[in-house]
Amino acid sequence: MGETITFWVLAVVSVAAALGLVFSRKAVYSALMLGVVMLSLAVLYAVQDAPFLAAVQIIVYTGAVMMLFLFVLMLVGVDSADSLVETIRGQRFWAIVAGLGFGLLLALAVGNVAFSPAAGMGRAVSGRDGNVPALAEEIFTRHVFAFEVTSALLITAALGAMVLAHRERVRPKATQRDLARTRFAGPQPSPLPGPGTYALHNAIDMPALLPDGTVAVTSINRVLARHEMEEGYAPTDPEKAALIKQVLEKDAARDAAPVEGDKPIQVKDALQDEGELRDEGEPQAGTTSRKENAPQEEDGK
Amino acid sequence: MQSPAEIVSHAGGVTGVSWLMIALPLFGAAVLLLGGRRTNAWGHFFGVAMSLGAFAVAVVTFVELLGLQPEQRRRDIGLFEFIPGMVDLGMLIDPLSISFALLITGVGSLIHIYSVGYMSHDRDRRRFFAYLNLFVAAMLLLVLSDNYIGLFIGWEGVGLASYLLIGFWQHKPSAATAAQKAFIVNRVGDFGLLIGIFTIWTTFGSLAFADLTHEVAGQASEGTLTAIGLLLLLGACGKSAQLPLQSWLLDAMEGPTPVSALIHAATMVTAGVYLVVRSGAFFEAAPTAQLVVTIVGVATLLAGAIIGCAKDDIKKGLAGSTMSQIGYMMLGAGLGPAGYAFAIGHLITHGFFKANMFLGAGSVMHAMNDEVDMRRYGALFPVMKITAVTFIVGYLAIIGFPLLSGYYTKEGIIETAMHHNQILGWLAVLGAGLTGFYMSRMVFMTFFGKKRWADDAHPHESPAVMTWPLIILAIGSIGLGAFLVLGNRFMNFLSPAVGLPQPADMPEPHVFGVGTAALATLALVAAGAAFAWFRYGAAEVPAVAPRASFLTTFARRDLYGDALNEALLMRPGQWLTRIAVFFDNRGVDGLVNGLAAGIGGTSGRLRRVQTGFVRSYALSILFGAAAVVGALLYVGNI
Amino acid sequence: MTTHYLVLSALLFAIGGVGVLLRRNAIVVFMCVELMLNACNLAFVTFARQHGNLDGQLIAFFVMVVAAAEVVIGLAIIVMIFRTRRSASVDNANLLKY
């Protein structure tokens, strides 16, 4: 009876979580949903007399694999939501047809079979010190070769990950001297103005004001500005709002532009931010030209 | 067969080095061709020396042969195994081959010497001598080989040399075309010869002349022998410019004049006669083939004479004459042992007087800025006396002026033909009359009458290096015939090689032309010469050829031989080619291309399935998995 | 109970499959693959109990090991692709086609 209740609760939870994994727009939610499914399955394992697997499920899957997923999600960009527009014609329809058909087929096949009452794990572990020693005996006697091969597999995987993720440095690392020289050769040797300078508030989302009262473009915090624009918390001052919007549009246009392959040159990467600063610091003429350019670039897309 | 040849084949003596006859000119050709421009300075002298060396060897061999008993005058000199177990390459020195060798090396050497002067202004003189040497070597291999394989190699070698020398001035499109024409027409004959050789091999199992005696040939069926004879005759027709393969010889006059003299008058074109005489064993056992040989000979001698009557180009006129004279030889060769001696004798005397006249014509052209049109000559006798006199000697010899060379040999052929078959005989007589006309026309137009020279022509006598060969050849033209024919000297000399005729086949012997045929010939020749004098000697000759009657046009166009070839062979060949091309393009290519296009089109549509979207692939995998599961369930439920 | 577990396993597997087909974010696709692997593991464990031997659990254990290795490599590949293309969408990597 206890098992039945546990099963029904966890079955509903896990199916719901699996559906959530598939249909949530944000990848982080999907990851969390996956975690729920895995934990539910761990409990189901435990219920089915597999305590070792339940522990491993929690430790390896929920602990290690899920953490890896989240880690990579953060690396890749947590803020990018998937577009809901399907680009491949007929893909959504046929995917659902195939998925439902396949699930039904399996369910029907399983449902058609009349199983005898489960034999239970009692016989398997009889004469041994429970589930874990029994498994250990199996692994280290009959399946010792497969086990050793898995060790090789794991080492290979670790090495492979290192090789894949490694980036060769093709020029010497920029020294303090290089960085300083680049900085002083640039348009802004000084630090960027902090937010809120000369403003009425010194909150992080307030751009700094120049002595003549205009907004210092370089002090706008992009992440917050984007968040504000998306959630509708735009500054009440229309002039500031327009300026922020302008900056964001320019950023979007730059992101949309095709990326020319990998750029492994870290010095350049490091300097890119300052290059942007140089762009921002341009006189008004540059801004107007940017305005004119933006629609064209959208057309070009 | 235990032939005398085998008995002496291992004998030492000079015959042991007679291979030098072939080797020397071959060496000369190799040095001159491989040496390149380094040999430019002395190449022509080297070529002459090699040719003279071959001549010296030939003379010594000849003298040694004379020293033997007549029945021993047949020496096989094995050189090496050519095809082990089948063909040994060797040389056969007998009266027939040594006669040819003497003619080839003797006349050849004279023409070599003449060419030193004639080609002195040509940049490629060294190459010219290389080809001449190559020709001499190949021709000697042809006549000296002791089997058909060696003969065939030489046969092709002279064909190659002829091709190279006709097209020697390859910058002239006409020369290049003429060379190709000669080569292609000879292909036809060569195939005949080749198939004939195959037939001989399959029938008799040997290709050595020594094995193919009259007794051996008599064992085969007459049909086979006729086939062999006709196939060999086809080869002979190609090489000797006999009907129906005569068309290349007139165009071959595009080559330098010494080439025309050596190859296309004196030696190579007579190879067909040599082949027929050498294969006498087959022909004598196949009367049909022999009859065809005589018919071809008569037809060609008349055709050549008619062409010669109308040509204004001095060399083409002489070429027509060559055709005609080879026709006489072929006629003689077709008459069996009775005619062989006269055929070969006429061949040798013709080699002298025709070479003499060709070189004379070359001398005239040399003097007249390479003008070949006789209508632009006239009255050259006073300015180039030696050339004129030697040319006239040759002329008298060829028309059969009594007591000169041609008289004896040609009369011999005519009388034998008359004795054999009256129709052949009278046609040969008619040909002799035509010869009298066209040769007289040539002489009168060239050396007598009025000057019709081009404005810039300043004729002069040629240098001594060119006139001396003329003089020597003229001497041969005078006396050689009498020397060979009187007392059947040559017939007896040749008999170990070709056999003696039955007395019944022989015409009545005579010395001063007492037979009716001889009288008729002399009368016709005189009439022809007189007519020629009346038309071209006494009368004005227009400098530009006037419009002429149908018959003259017919002759000027080479009896429409080229037109016939074009209509019968070239056009149908072109149609056949076009049909084949059409079939290839539309039929074969259409099928192949259609198949390829079909596969390509299908693939082009199928490849659209490969969208590059991994999710599409995953979808098809899921469908596949579902299908597999479904199939498993279905199978399990049965 | 065995049937219930197996139907649950089939459902989870199908949902994972649909997710693989529908989602474009490579990481989410990868998570769906993991979901399918887990569904399989559930079936293995269920069958182990049904038959009363340890083989099912053993295989589930090995599947976990392999899945761990697979995740490591797969994520490394995703990171590399993202680094070069600035995108983790599986539809963007479609150059290998007709």
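The values are calculated or read from the model by the stated rules, or taken from the named source; none is laboratory data. All figures in this text were calculated on a predicted structure; none of them were measured in a lab. Cβ placement follows ideal geometry from the backbone for every residue including glycine, while neighbour counts extend to all protein chains displayed. Heads up: the accessible areas ignore ligands, DNA and RNA and are worked out on the full protein's heavy atoms, side chains in. Shrake-Rupley method; radii C 1.70, N 1.55, O 1.52, S 1.80 Å.
Pairing residues of the stretch B:334-351 that are assigned by TED's automatic domain parsing to the domain that holds B:R489 and within 16 Å of B:G406 (Cα to Cα) with residues that are surrounded by 24 or more Cβ atoms within 10 Å (Cβ to Cβ) and basic (K, R), at Cβ distances under 9 Å and at least 6 apart in sequence or on separate chains, gives B:F342/B:K410; B:H346/B:K410; B:T349/B:K410; B:H350/B:K410. It is to be established whether one or more residues within the stretch C:40-50 are under 11 Å from the mean Cα position of the chain (by Cα), closer than 23 Å to A:V9 by Cβ and open to solvent by 20 Å² or more (accessible area, probe 1.4 Å). Scanning the stretch C:40-50 turns up at least one residue that is under 11 Å from the mean Cα position of the chain (by Cα), closer than 23 Å to A:V9 by Cβ and open to solvent by 20 Å² or more (accessible area, probe 1.4 Å).
Look at C:L22 and say whether it is over 29 Å from A:I5 (Cβ atoms), surrounded by fewer than 24 Cβ atoms within 10 Å (Cβ to Cβ) and at the interface with chain A (Cβ under 7 Å from one of its Cβ atoms).
Against the criterion (over 29 Å from A:I5 (Cβ atoms), surrounded by fewer than 24 Cβ atoms within 10 Å (Cβ to Cβ) and at the interface with chain A (Cβ under 7 Å from one of its Cβ atoms)), C:L22 qualifies.
Regarding B:T203, is this residue free of Cβ contacts under 8 Å to residues at least 60 places away in the same chain and of a type outside the set (F, W, Y)? The answer is yes for B:T203.
Screening C:A88 with (1) facing another protein chain (nearest Cβ under 7 Å); (2) surrounded by 22 or more Cβ atoms within 10 Å (Cβ to Cβ); (3) modelled with pLDDT of 90 or more gives one miss only, at (3). Contact map, the stretch B:285-311: residues that are closer than 14 Å to B:T553 by Cα paired with residues that are aliphatic (A, V, I, L, M) and part of a loop (DSSP other than H, G, I, E, B), Cβ distance under 7 Å, separation 6+ or inter-chain. Pairs shown: B:A303/B:L243. Hey, can you tell me all the residues within the stretch B:196-216 that are at pLDDT 80 or above and among the charged types (D, E, K, R)? Across the stretch B:196-216, the qualifying residue is only B:D211.
Scanning the stretch A:177-211 for residues that are among the charged types (D, E, K, R) and at pLDDT 80 or above yields A:R177, A:D178, A:R181, A:R183. Checking every residue in the stretch A:30-53 against the condition of being under 18 Å from the mean Cα position of the chain (by Cα), more than 7 Å from chain C (Cβ to nearest Cβ), open to solvent by less than 70 Å² (accessible area, probe 1.4 Å) and touching a residue at least 24 places away in the same chain (Cβ under 8 Å) gives at least one match.
Of the residues examined, A:A165 is one that is facing chain C (nearest Cβ under 10 Å), open to solvent by less than 90 Å² (accessible area, probe 1.4 Å) and over 30 Å from B:L632 (Cβ atoms). Which of the residues that make up the stretch B:606-624 are modelled with pLDDT of 90 or more and over 13 Å from A:A95 (Cβ atoms)? Selection gives B:G624 alone. Looking at this structure, is C:N53 polar (S, T, N, Q), within 7 Å of chain A (Cβ to nearest Cβ), out of contact with any strand residue (DSSP E or B) (no Cβ under 6 Å at 6 or more places or on another chain) and touching a residue at least 12 places away in the same chain (Cβ under 8 Å)? For C:N53, the condition - polar (S, T, N, Q), within 7 Å of chain A (Cβ to nearest Cβ), out of contact with any strand residue (DSSP E or B) (no Cβ under 6 Å at 6 or more places or on another chain) and touching a residue at least 12 places away in the same chain (Cβ under 8 Å) - is not met.
Residues that are of a type in the set (A, V, I, L, M, F, W, C) and either more than 7 Å from chain A (Cβ to nearest Cβ) or in contact (Cβ under 8 Å) with a residue 60 or more places away in the chain (or both) within the stretch C:25-47 comprise C:A26, C:I27, C:V29, C:F30, C:V33, C:M36, C:L37, C:A39, C:C40, C:A43, C:F44, C:F47, listed in sequence order.
The single residue among B:L569, B:L551 that is in the same structural domain as B:A241 (by TED's automatic domain parsing) and either within 30 Å of B:K311 (Cα to Cα) or not in a helix (DSSP H, G or I) (or both) turns out to be B:L551. One residue alone among B:L632, B:L564 is aliphatic (A, V, I, L, M), under 30 Å from A:R92 (Cα atoms), surrounded by 11 or more Cβ atoms within 10 Å (Cβ to Cβ) and away from chain C (no Cβ under 13 Å), and that residue is B:L632.
Within the stretch C:56-70, restricting attention to residues that are β-branched (V, I, T) and in contact with a Ser or Thr (Cβ under 8 Å, 6 or more places away or on another chain), the residue that is farthest from the other protein chains (Cβ to nearest Cβ) is C:V66.
Test B:G604 against the stated conditions and say whether it is within 14 Å of chain C (Cβ to nearest Cβ) and either of a type outside the set (D, E, K, R) or touching a residue at least 12 places away in the same chain (Cβ under 8 Å) (or both).
Details: within 14 Å of chain C (Cβ to nearest Cβ): yes; either of a type outside the set (D, E, K, R) or touching a residue at least 12 places away in the same chain (Cβ under 8 Å) (or both): yes.
Yes.
Among the helices (runs of 4 or more DSSP H) lying completely within the stretch A:90-160, list those that include at least 2 residues that are at the interface with another protein chain (Cβ under 7 Å from one of its Cβ atoms) and open to solvent by 60 Å² or more (accessible area, probe 1.4 Å).
A:91-112
B:Y114 meets the conditions (1) surrounded by fewer than 23 Cβ atoms within 10 Å (Cβ to Cβ); (2) aromatic (F, W, Y); (3) touching a residue at least 12 places away in the same chain (Cβ under 8 Å) in every case but one. The failed one is (1). Taken over the stretch B:182-208, the residue count meeting the criterion of being of a type in the set (V, I, T), open to solvent by 40 Å² or more (accessible area, probe 1.4 Å) and over 16 Å from B:W155 (Cβ atoms) is 2. Given the structure, is A:V56 buried (at least 18 other Cβ atoms within 10 Å of the Cβ) and closer than 20 Å to C:V45 by Cα? In short, yes. In summary, C:I78 fulfils each of the numbered conditions (1) more than 7 Å from chain A (Cβ to nearest Cβ); (2) under 16 Å from A:L34 (Cβ atoms) with the single exception of condition (1). Across the stretch B:244-303, which residue is farthest from B:I228 (Cα to Cα) among those that are open to solvent by 10 Å² or more (accessible area, probe 1.4 Å) and not in a helix (DSSP H, G or I)? So the residue we want is B:Q246.
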